[in-house]
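Report on one structure; see the data block that follows.
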Amino acid sequence: MSRIGRMPIAVPAGVTVDIAENNKVTVKGPKGELSRVLPEAMDIKLDGDHVVVTRPNDLKKNKSLHGLTRTLIYNMIVGVTEGYTKVLEVNGVGYRAQKQGKKLVLSLGYSHPVEMEDPEGIETVLDGQNKITVKGIDKEKVGQYAAEIRSKRAPEPYKGKGIKYETEVIRRKVGKTGKK
């Protein structure tokens, strides 16, 4: 049995979970509302203040979907209660970030500034000129947008210039050495 899949999910106070037909799960909380259609093979039940996910049989496909389904519901509940954040750092001489309304404008050493529009439900906050915080209630969207920002200038291993996650460690390489 899936160790993660069989754990019940506690539903905190102030959060409502609705399970409609075709396993459409809607979670409402203080920060907003998320809904998602989950695999039909899984059996999702609301048991008091817990959500329990069970699988019909031990086929390999159902085993793999069991833990995934439980984790997706858990991420939705955490999203509507606490929300998710990713912090990015912009490193490099002349590299900086600016906010213009809902646009994030990045100066990354290209001949033009890179402009990115904040997606629906996602907010970017700047701390100084080189720290970008991506906030939202959907874990998938927050991670995807943070990855898109990072991909505009990924960190390089020689000087460490580029956009990196706050917790990311860049493996540095030694540059060229002159002749003796």
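The values are calculated or read from the model by the stated rules, or taken from the named source; none is laboratory data. Fair warning: this is a prediction, and the values are worked out from it, not measured in the lab. As a convention, Cβ positions derive from the backbone with ideal geometry for all residues, glycine included, and neighbour counts pool all protein chains shown. Heavy atoms of the whole protein, side chains included, go into the accessibility calculation; ligands, DNA and RNA do not. Shrake-Rupley method; radii C 1.70, N 1.55, O 1.52, S 1.80 Å.
Quick notes
- For segment 14-166, size of Cβ-based charge dipole, Lys and Arg +1, Asp and Glu -1, in debye: 620 debye
- Projecting the Cα atoms of 154, 126, 76 onto the charge dipole of the chain, computed from C-beta unit charges around the Cα centre, puts 154 farthest toward the positive end.
- Violating pairs (Cα-Cα greater than 28 angstrom) within the set 31/86; 103/173; 60/86; 24/152; 86/152: 103/173; 60/86; 24/152
- Here the extension length gained between residue 71 and residue 6 equals 22.3 nm, from 0.36 nm per residue of separation less the Cα-Cα distance.
- Percent carbon-and-sulfur accessible area, the chain, ignoring ligands, DNA and RNA, probe 1.4 Å: 49 percent
- Proximal aspartates and glutamates relative to residue 161, as straight alpha-carbon distance under 16 Å, when same-chain residues fewer than 8 apart are discounted: 89
- Neighbours of residue 152, meaning other residues whose beta-carbon lies under 14 angstrom from its beta-carbon, give a summed charge of +1 when Lys and Arg score +1 and Asp and Glu score -1.
- Set the Cα radius of gyration of segment 46-180 against 2.2 N^0.38 Å, with N its number of residues, and you get 1.42.
- Extension gain, residue 64 to residue 130, is 19.8 nm, computed as 0.36 nm per intervening residue step minus the present C-alpha separation.
- For a straight C-alpha distance cut-off of 20 angstrom, the aspartates and glutamates reachable from residue 61 (same-chain residues fewer than eight places away being disregarded) are 40, 43.
- Pairs exceeding a 20 Å alpha-carbon distance, out of 102/164; 45/139; 131/159; 63/139: 102/164; 45/139; 63/139.
- Cut-off 19 Å, label 7 Å out along Cα→Cβ of residue 50, residues of segment 66-81 by amide N: 66-78
- On a per residue basis, segment 56-180 carries 63 Å² of accessible surface, using protein heavy atoms and a 1.4 Å probe.
- In degrees, nearest ten, helix 139-151 long axis to first principal axis of the chain (Cα): 20 degrees
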